[in-house]
1. Select, from L231, L242, the only residue that is outside any helix (DSSP H, G or I) and at pLDDT 95 or above.
2. Have a look at R200, R224, R182 and point out the one that is more than 26 Å from Q73 (Cβ to Cβ) and among the basic types (K, R).
3. Go through the range 185-205 and give me each residue that's within 16 Å of the chain's Cα centre (by Cα), without any contact (Cβ under 8 Å) to a residue 60 or more places away in the chain and either within 25 Å of L141 (Cβ to Cβ) or not in a loop (DSSP other than H, G, I, E, B) (or both).
4. How many residues are more than 30 Å from T191 (Cβ to Cβ) and of a type in the set (S, T, Y) when one looks only at the range 130-173?
5. If I ask for residues that are surrounded by fewer than 16 Cβ atoms within 10 Å (Cβ to Cβ) and either of a type in the set (K, R) or closer than 18 Å to G167 by Cβ (or both), which ones from the range 86-124 would you list?
6. Just name the residue that is farthest from T152 (Cα to Cα) out of those in the range 190-206 that are polar (S, T, N, Q) and surrounded by 16 or more Cβ atoms within 10 Å (Cβ to Cβ).
7. Does the range 28-45 include one or more residues that are part of a strand (DSSP E or B) and not assigned by TED's automatic domain parsing to the domain that holds F129?
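The values are calculated or read from the model by the stated rules, or taken from the named source; none is laboratory data. Keep in mind that what you see is a predicted model, and the values were worked out from it rather than measured. Here the Cβ positions follow ideal geometry from the backbone for every residue, glycine too, while neighbour counts run over all protein chains shown.
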Amino acid sequence: MNRDNILRCLRNLVIDMDGVLYRGDEVIAGTRELIDFLRQQGIGFVLATNNATRTPQQFVDKLAGMAVQVHTQEVLTSSLATASYLAGIAPPGTDVFVVGMDGLRTALEEAGFRLVEDGAEFVVAGMDFTICYDRLAQASLQIRAGARFIGTNPDITFPSERGILPGAGSLLAFLEAASGVRPIIVGKPGTAMLEQALVRMEAQPATTAMLGDRLETDILAGQRAGLHTILVMSGVTDEVILSGSEIQPDLVFDDVAHLYSAWKGVVGG
C-alpha cells in the first residue's frame, strides 16, 4: 500500500510523545496543527508513551503549557500499563519497591499496591531524574533477596532540548548488571499498551497506525500489534540508524509538520 492509500485509510492513531510531539520542554513544529487536524477529521488518537515519570494529568498539563489541548483519557503511559500488568499477577496490598517518579508511584498506589522501602515482593523500575546510588543499591539488594524485577520500558535514551539523554533502560541496565537478574519489560515494544489503546478508541489494527520516533520500541511494537507504522525523524532515529536497521516503518517523515502536510493533502481539511 502506498503512502497516500495508507493515510487515506487511517481512522485512528497511536502517538508517542517524546521526540514526536516535543523534545524536553520544546514543542515540535506541527504538533498543534496535527492534533487539530485529527479532531477535525474525526480521527481517534491515544498518546501512548513509554515515559513513566508523569501521571496522565501531568502530561495533559505539560502539553497545555505548549498550547496543545488533550484529555486525560487520551493519554496512556507505561506506568498505567505496568500497574495493570502487576494487577494481573499479584493481589492488592502486595509490597512493591519503586525506582521511579510520580507517574509510576501514583499508578501503582491507585492499583492497590503498597509501596515499601524494604522486604518487597516486586521491584518496579522506571525513569527517575532524581535517582541516587543508594536507591539503586537498595533495589539491587531486594532483587538479590528474591523480589521479582519489572521494568516500565527499555528506552536506553530519550530526546530532549539538550540532546539525547540516558533513559529508563539505562537504569534497568544498571540494576540488571548489579543483581544478575533481567527485568520483565511491560512497555513498548511489547504490545500491551497498543492493545489497550485500541480498546480505548474502539479501533481496528487495519485502520490504525503507530506514530513514533524510535524503531526498536514504537515501530516494532506497531508491527507486532498489526498496525501501520509511521516514523518521524525528530527524535532519536537518524538516517544512519534507519538505513542500518532490520526494522523498517511503512512511512517516514521528517517530523509531524511534514506528516500533517502530507495527510491534509490526501484527505483535505
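1. Values: L242 fails: outside any helix (DSSP H, G or I).
Only one candidate qualifies: L231.
2. Values: R200 fails: more than 26 Å from Q73 (Cβ to Cβ); R224 fails: more than 26 Å from Q73 (Cβ to Cβ).
Selected residue: R182, the only one of R200, R224, R182 that is more than 26 Å from Q73 (Cβ to Cβ) and among the basic types (K, R).
3. Residues satisfying the conditions are I185, E195.
4. Selection size over the range 130-173: 2.
5. Of everything in the range 86-124, those that are surrounded by fewer than 16 Cβ atoms within 10 Å (Cβ to Cβ) and either of a type in the set (K, R) or closer than 18 Å to G167 by Cβ (or both) turn out to be D102, R114.
6. As a first pass, look at the range 190-206 and keep what is polar (S, T, N, Q): 191, 196, 204.
Adding the requirement that they be surrounded by 16 or more Cβ atoms within 10 Å (Cβ to Cβ) leaves 191, 196.
Details: T191: 13, Q196: 15 Å.
Applying the filter and picking the extreme gives Q196.
7. Keep residues of the range 28-45 that are part of a strand (DSSP E or B), which gives 44-45.
Among the residues that remain, those that are also not assigned by TED's automatic domain parsing to the domain that holds F129 are: 44-45.
Within the range 28-45 (the criterion being part of a strand (DSSP E or B) and not assigned by TED's automatic domain parsing to the domain that holds F129), the answer is yes, since at least one residue qualifies.
Residues checked against (1) farther than 13 Å from V20 by Cβ; (2) hydroxyl-bearing (S, T, Y); (3) touching a residue at least 12 places away in the same chain (Cβ under 8 Å):
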position	(1), (2), (3)
I219	no, no, yes
S234	no, yes, yes
D238	yes, no, no
G244	yes, no, no
L251	yes, no, yes
D255	no, no, yes
